[in-house]
Amino acid sequence: MIPALRRYARALTRDVDAADDLVQDTLVRALRSERLFLGGDVRSWLYTILTNLNKNRRRSLARRPQFMQLTENNPDASGTEAEGRDIEKALATLVEEQRSVLLLVMLEGMSYREVADIQGVPIGTVMSRLARARAHVKASLEGERPALRRVK
Amino acid sequence: MNDRNIPVTEDELHAYVDGELPAERRADVEAWLAAHAEEAERVQSWRAMAEMLHARYDSVVQEPVPARLELERLERRPRQWLYGAVAAALVAFVAGGAAGWVAHGAANAPSAFQSFTADALDAHRLYVVEVRHPVEVGGNERDHLQAWLTRRCGWTVFAPNLEASGLKLVGGRLLPGPSGPASFLMYEGASGERYTIYTAKTESGATQMRYAKTDKDGALFWADRGVGYVVSGGSDRDRLTKVARAVYDQAEQNGT
């Protein structure tokens, strides 16, 4: 469970330390508020906490200056290094809700229903976010500039 | 929606790739894709995208979990949550294929009475050490305290008189219980020793008192007409039993 949460957090933040901070906060919060857990799926609940914590994190980041990485150094990248960089860049172009939907469905293998519960939105919203996210990522991978491209 | 003549929608293409499409519609979508090369290419690109994501991020799952994320470290706090359902699930998921561990967890799954008592003991440990704010409503407002907790909890909350056991009412507070609100009353003896009475709704039909202890505290649990009681105190079991008896008898007399 924790390794999968770390994977999701890593893809969500694309930052090793920020990702593990998120997972740590998620676990601490889950253990602390255990008595508020009313049954159901522990996995979805943990992803919900993590997704919400990340929203708060981004809100506080938004008030700080942004630092961009000028050089790429991926110690864990191998032959598919370039591809990994591309997908990472493509993820960076997405708005938060779309990135989260895309990762929960495509990376974590969640059902639309589970994602709807995690984000607290109707399934229709999940599907439109997913469609937009896929279109953006595809455009980004193909080298277009997604910001200039209007996607329905 | 299952009609062959109905054109395939954008949503259906996504649902198809994500395994969310009803089985009976799959063949239709596949046939449609065979005839629409551009859309088929798009669907293929989504699959490639998923592969890239996995290629980039699945290695994280194989990394050793950093020490700061180990449950044991996160658990270094006064309360012992480790036996709770969530921690058990986390450990079970982490252990994954290790059948021995999963079975171990299942054997240790707490019963309703055990987790109820653990909740009460957590509250006890948390608040008896409070010097300035042990309660929300003080014992000098006994009537108000009882009326307030009764109204919020939905059963008659009664603060027994334990002066015969050498204990004075400090006061009480409302807490989140296992399934709704819980009432929490605190008493104090001459040498500062504290006892607490925790009540909440319970499914348990155990009318006989049961004893539970941790390293420093003891607790007695019983249930009566859908309400569970836990009287917690120090490790002196005889005194605890006497206090619990007094609580029990007065609750009976009071007809709660």
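Once the Cβ-Cβ distance between A:ARG59 and B:SER179 is put in as r, and R0 is 25 Å, what FRET efficiency do you end up with, to the nearest 0.05? Display every interim value, and only then the final one.
Numbers: r = 33 Å, r/R0 = 1.33.
FRET efficiency, A:ARG59 to B:SER179: 0.15.
Output the relative contact order of region B:112-253, whole-number percent, from Cα pairs under 8 angstrom with separation of 6+ residues. Working shown, then result.
Numbers: 269 pairs, mean separation 28.9, N = 142.
Dividing the mean separation by the residue count of region B:112-253 yields 20 percent.
Excluding B:TYR211 itself, calculate the net charge of residues whose Cβ lies under 14 Å from the Cβ of B:TYR211, where each Lys or Arg counts +1 and each Asp or Glu counts -1.
Net charge in that neighbourhood comes out at +3.
By counting other Cβ atoms within 10 Å of each Cβ, how are A:ASP15, B:ASP122 ranked from fewest to most?
A:ASP15, B:ASP122
Return the lysines within reach of B:LYS201: Cα separation strictly under 28 angstrom, same-chain partners fewer than 8 residues apart disregarded; answer none if there are no such residues.
Partners found: B:LYS168, B:LYS213, B:LYS216, B:LYS242.
Among the lysines, select those whose C-alpha is under 29 Å from the C-alpha of A:LYS55, and discard any that sit fewer than 8 residues away in the same chain.
A:LYS89, A:LYS138, A:LYS152
What FRET efficiency do you get for B:ASP58 and B:HIS36 if R0 is 22 Å and r is their Cβ-Cβ distance, rounded to the nearest 0.05?
FRET efficiency, B:ASP58 to B:HIS36: 0.10.
For a paramagnetic label modelled at 7 Å from the Cα of B:ALA164 toward its Cβ, which residues of region B:220-256 fall within the zone defined by backbone nitrogen distances under 14 Å?
Counting only backbone N, you get B:242-254.
Which order results if A:LEU104, B:LEU174, A:LEU31 are arranged by neighbouring Cβ count within 10 Å, fewest first?
B:LEU174, A:LEU31, A:LEU104
First select every other residue whose beta carbon is under 11 angstrom from the beta carbon of A:ARG113; then total the charges, Lys and Arg +1, Asp and Glu -1.
Overall, the nearby charge balance is -4.
At 7 Å along Cα-to-Cβ for each site, give me the label-to-label distance between A:GLU83 and B:ALA48 in nm.
1.0
Given axes a ≥ b ≥ c from the Cα gyration tensor, I'd like to know whether region B:166-210 is rounded (a/c under 1.5), prolate (a/b larger than b/c) or oblate.
Numbers: a/c = 4.03, a/b = 1.63, b/c = 2.47.
Here region B:166-210 falls in the oblate category.
Roughly speaking, what is the stretch gain from B:VAL129 to B:LYS242, that is 0.36 nm per residue apart minus the C-alpha to C-alpha distance, in nm to one decimal? Present the calculation step by step, with values, prior to reporting the outcome.
Values: separation 113, 0.36 × 113 = 40.68 nm, distance 2.26 nm.
In short, 38.4 nm is gained.
Which ordering of B:VAL129, B:VAL43 is given by a fewest-first count of other beta-carbon atoms within 10 Å?
Lowest count first: B:VAL129, B:VAL43.
Once you place label points 7 Å from the Cα toward the Cβ at B:ARG142 and B:GLN250, how far apart are they in nm?
0.7
Taken together, the values in this text are just the output of simple stated rules run on the coordinates, not laboratory data. Not measured: the values here are computed from a predicted model. Positions of Cβ are generated from backbone atoms using ideal geometry, with glycine treated the same way; all protein chains shown enter the neighbour counts.
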